[in-house]
Structure formats: structure tokens, C-alpha cells
Amino acid sequence: MIVAGGAYREICDSARWDRVYGSGGRAACAAARWGDGVRLVCHAHEGWIEDARATFSSMGVDCEIAPIPDEIAFVYAHPMATPVLLNGMPAARPELVVDGDAVVRFGMLECEALVRARRAVHDPQGAGATVPFGANGSSADSLAFVLNEAEARSLSGKDSAEEAAAELLAVAEAVVVKGGTAGALVARRGGASVRVPPYRSERVMKIGSGDVFTGVFSHLWMREGADPVEAADLASRAVSVYVETRGIPPGSRSDLAHRAALPTDRRPGRVYIAAPFFTTAQLWLVEQLVQSVAALGATPFSPFHEVGMGGMSTGIATEDLAGLESCDAVLAVMDGRDPGTLFEVGHARANGIPVVMLAENVMEGDLTMFAGTGCEVVGDVATAAYRAVWATISGSRHRCVDGVAR
């Protein structure tokens, strides 16, 4: 199997992450866990090639890396944040021409891949208008798309995932539309569409999760001949391992068998953002949490945005608590031990509302009462956002009686 895709540097200080991976490199490594004969075709900065080759080769990937002077690097404030391209757009490079039996084609910043294959998977990785697979002359006897919902809408011109997948089946044998906390919709020619669940993880390192999905799906569908639904389900399980461990997941059905699935028949609900918002740093974090929760398909309720800071104290408190009671989960920021946030956490637990606490710089002893009353305590933004949204779809709202969740 040949993977044509980017080999880029990824920097996220809050997650202590600084790696040369990129979509192509990570997907190739994920595929190589399942079988030999994976080759990566890519460009990489001339100063990174030795490092990149060592990383990919250690995973069993054969590398064909063309050196370029551009340092293509993405910087993330946190794993849920929109990345910033550190050095601006790179110079355009000639197409990567790839002929093979099984080929994965990713969208890239510096060039396109011209693919001729018996079977191909296209993951466009589009930030703007998504380029159709055949627009540059690429061809495949059998084609599958792996896209997120925005890419599916852009490529098909349809609004819903279901309509987009149906439209794309005109040119593809299978279409997988990834929906984050809603799982992935898998559409096949001649078969009913199926929604594959997301799988729970203790932690969430989101950077590169989609690449792992595409790498695993591609191997299973193209090289093992797996049904697209089975391939997507195993890819979703593999992603849950990757985001939890930050390592390339094992290539074994048995190793992935016992992951806990989240329900696919319920949509994300409302998440109350309990946090101080009295300084620029606090306001920035509130904005990040609101955006992260919304990106996962839930509806955030932020007292700063929905109620504001003006008016009488009794009125603000009444509106804040009414908003809290209308929500299905609370995401609370514990750094600084803000009295208003602590009150909101207590009110939520007394009303049976699940609470996820973001505690990046809090002493363990200060969390005793919260852990003891069923609050989930996590240490990073991505995990906090995911677990709060998961709480809204898992039906975990219940009343706390005598300090015990019932």
C-alpha cells in the first residue's frame, strides 16, 4: 500500500508534543501496524528528513521522501485549537505521481498527488473548497472517500452527511463521513448506510486522530478486503487507543475488541461552562472551551455570553442557575478556585448534573470533595471538552443524595 501525504512538524506545548508526522506519515505508520509493504511518498524539509525517516522506518514504513527547503509546521495552542501555519504557505511543488494497486491520497499544502490505482482512498484534508479526486487526472478502479462533515458538504454540495454520502456514491464505492462525537456514517453501494460509534477513552490527544482513522480504514478495506463498515468500526476503535495513549495503535482486531462504545442514537446536548471570566487569560480560556464544545456538536451555555456581567447580583445568579439547570453536563475550570465556579459545581451535583473539571494547576488535596461526589477531574482542555460532551449523550444525569450519585 502506498500513502501519498504530508510529512509536517506539529507543535503543541500544552500537550508536550513536538513531532514530525503529518497526515501521510501518521497514516502510513498506522497502516503498517496491520501488515508489511507500506510505502510513504512525500515531501519534507531537508533538515527533518533523517528524523522523519527514522520515525517512519521504525514503524515498518518504507520511505520515499523528496527534500524541500520549506519548514511546514503547525502550531496548536491546545489539541482542540485551530492550528497556525508557523511559516506561512509553502511554495508549490510538482505533483507526486503515484501508481499502485492500493493508494491513499491525502490533500497536501505543497502539492497534489496524481494517483492511478486499482483501489484508492481519498482523504482531502481540505481547509477550504475540497478538490474532487479526479480533478487532476487521478483515477482508480475502486474508490472510497474518508472525509469530515465540512469536507463532505464542500465536495457534494449537500447539507447533511446522509445526503452528501449518497451524492458521492455516484463516483465512489464507499463513503465514510466522520462526525466526531456522533461517530462515522458509512455509506456503501448496494447497501444501507450504517453509523459506526465513537469509542470512549480516558484521555484525548486529538492531533492526528483522523490520520490514524484513514490509515487503518485504508489497510482493512483495500488490502484485507474488509467490508467498509467493519473497516470503519475498527478504525474508530484504533482512534480511541491513539487519543488515549498518544501512540500508534496495535494492528489487531483482538487488541481493539474491548473498547467501550458511545451511543449513536443520541445527539450531544447542552454543556454549561462554569469558569471565571475576569481577566484576559480567563476570557480566552472560556472562548476556547465554548468553541471546543460547539465543534464537538454540543450546545455551550456560557454565563459570560448568555447572561453577561451587568445588572443586579440576584438577577445574574438566577439567570446563571436557570441556564445551568437546563444543561445536561457542566464543564468547570478549577484553576484559581473561583467561588462562583465552586458554587455552580455544587449546585450541579445537587441536581444530578454530571460535572467534568478542568484542573491544570490544582493541588490534589483541593479536589477531594469534588472527586468524592462523582466529578470527573481531567488535566487538559481536549479531554475536558470531549468528556463533558460525552456526558450529555450517555444519559448520566441523576440526583446526588447524601453525597452519593443515585
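The single residue among 186, 177, 194 that is of a type outside the set (Asp, Glu), out of contact with any Lys or Arg (no Cβ under 9 Å at 6 or more places or on another chain) and in the same structural domain as residue 133 (by TED's automatic domain parsing) turns out to be 177. Checked against (1) under 28 Å from residue 147 (Cβ atoms); (2) buried (at least 20 other Cβ atoms within 10 Å of the Cβ); (3) among the hydroxyl-bearing types (Ser, Thr, Tyr), residue 252 meets all criteria but (2). Quick one: is residue 271 touching an Asp or Glu at 6+ places or on another chain (Cβ under 8 Å), touching a residue at least 12 places away in the same chain (Cβ under 8 Å), crowded, with 17+ Cβ neighbours inside 10 Å and over 30 Å from residue 179 (Cβ atoms)? Here the answer is no, as residue 271 does not meet what is asked.
I need the full set of residues from region 207-239 which are within 25 Å of residue 13 (Cβ to Cβ) and surrounded by fewer than 24 Cβ atoms within 10 Å (Cβ to Cβ), in order please.
Filtering region 207-239 for residues within 25 Å of residue 13 (Cβ to Cβ) gives 207-212, 239.
Those that are within 25 Å of residue 13 (Cβ to Cβ) and surrounded by fewer than 24 Cβ atoms within 10 Å (Cβ to Cβ): 209, 210.
Among the residues making up region 14-36, those that are farther than 15 Å from residue 217 by Cβ and part of a loop (DSSP other than H, G, I, E, B) are 16, 21, 36.
Grab the helices (runs of 4 or more DSSP H) fully contained in region 185-283, keeping just those with 2 or more residues being in contact with a Ser or Thr (Cβ under 6 Å, 6 or more places away or on another chain) and not hydroxyl-bearing (Ser, Thr, Tyr). Walk me through it before giving the result.
On the way: elements: 209-218, 228-245, 253-256.
Where helices (runs of 4 or more DSSP H) fall fully within region 185-283 and carry at least 2 residues being in contact with a Ser or Thr (Cβ under 6 Å, 6 or more places away or on another chain) and not hydroxyl-bearing (Ser, Thr, Tyr), they are 228-245.
Would a scan of region 300-308 turn up a residue that is assigned to a strand (DSSP E or B) and buried (at least 18 other Cβ atoms within 10 Å of the Cβ)? Yes - at least one qualifying residue is present in region 300-308.
The values are calculated or read from the model by the stated rules, or taken from the named source; none is laboratory data. Computed from a prediction, not measured in an experiment: that's the story for all the values here. Virtual Cβ from ideal backbone geometry, glycine too; neighbours counted across all protein chains shown.
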